[in-house]
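Written out below as structure tokens is the structure these notes cover.
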Amino acid sequence: MSDARLSPGDPAPDFTLTSDTGEQVHLADLRGRKVIVYFYPAAMTPGCTKQACDFTDSLDSLEAAGYEVLGISPDKPAKLAKFRERDGLTITLLSDPDKHVLTAYGAYGEKKMYGKTVQGVIRSTFVVDEQGAVELAQYNVKATGHVAKLRRDLGLAS
């Protein structure tokens, strides 16, 4: 198991994943823009819903500041489509069922849940700069309040 975590300045691992609408999204195609890539454990669970809704609520102002938002989980595209529909999400949701991208970003591995050590998705957020390098790497983020904190970290008014 790889617990190689990314740090600012590292090249962001490139990826191509399927979105909830069935289209292929390539990180490389977003060069020239800043991209917030966030990993979450499961669509339609309370914490992940809160986080996705917070990103959706902030999307207009994030896009105005030059950021794209990609949310990635191991869920299949059909479940992501239900998640989008149920919660009115406007962010791009991507499916990583074999966890290759999660692993490449160090967002899959051992974590503590209810006092036990388990293998799973580590809720994490990365900001990739216009050249494709990691600008910010945050692991074990909280679902609630994370977007507001991220906005502060990026120097964006709330």
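The values are calculated or read from the model by the stated rules, or taken from the named source; none is laboratory data. None of the values given here were measured: they were computed from a predicted structure. Methodologically, a virtual Cβ is constructed for each residue, glycine included, from the backbone with ideal geometry; neighbour enumeration extends over all protein chains shown.
In this structure, residue 89 does not satisfy being within 14 Å of residue 39 (Cα to Cα), aliphatic (A, V, I, L, M) and modelled with pLDDT of 95 or more.
Candidates in segment 122-139 are the residues that are in contact with a Ser or Thr (Cβ under 7 Å, 6 or more places away or on another chain) and not aliphatic (A, V, I, L, M); of these, the one that is surrounded by the fewest Cβ atoms within 10 Å (Cβ to Cβ) is 138. In summary, strands (runs of 3 or more DSSP E) completely within segment 75-158 and bearing 1 or more residues that are more than 12 Å from the chain's Cα centre (by Cα), farther than 19 Å from residue 10 by Cα and of a type in the set (Ser, Thr, Tyr) occur at 116-121. Residues satisfying the criterion are present in segment 64-81 (criterion: of a type in the set (Gly, Ala, Ser), crowded, with 17+ Cβ neighbours inside 10 Å and over 19 Å from residue 126 (Cα atoms)).
Within segment 98-121, the residues that satisfy the criterion of being surrounded by 14 or more Cβ atoms within 10 Å (Cβ to Cβ) and either in contact with a helix residue (DSSP H, G or I) (Cβ under 6 Å, 6 or more places away or on another chain) or not hydroxyl-bearing (Ser, Thr, Tyr) (or both) are 99, 101, 102, 104, 106, 107, 108, 109, 111, 120, 121.
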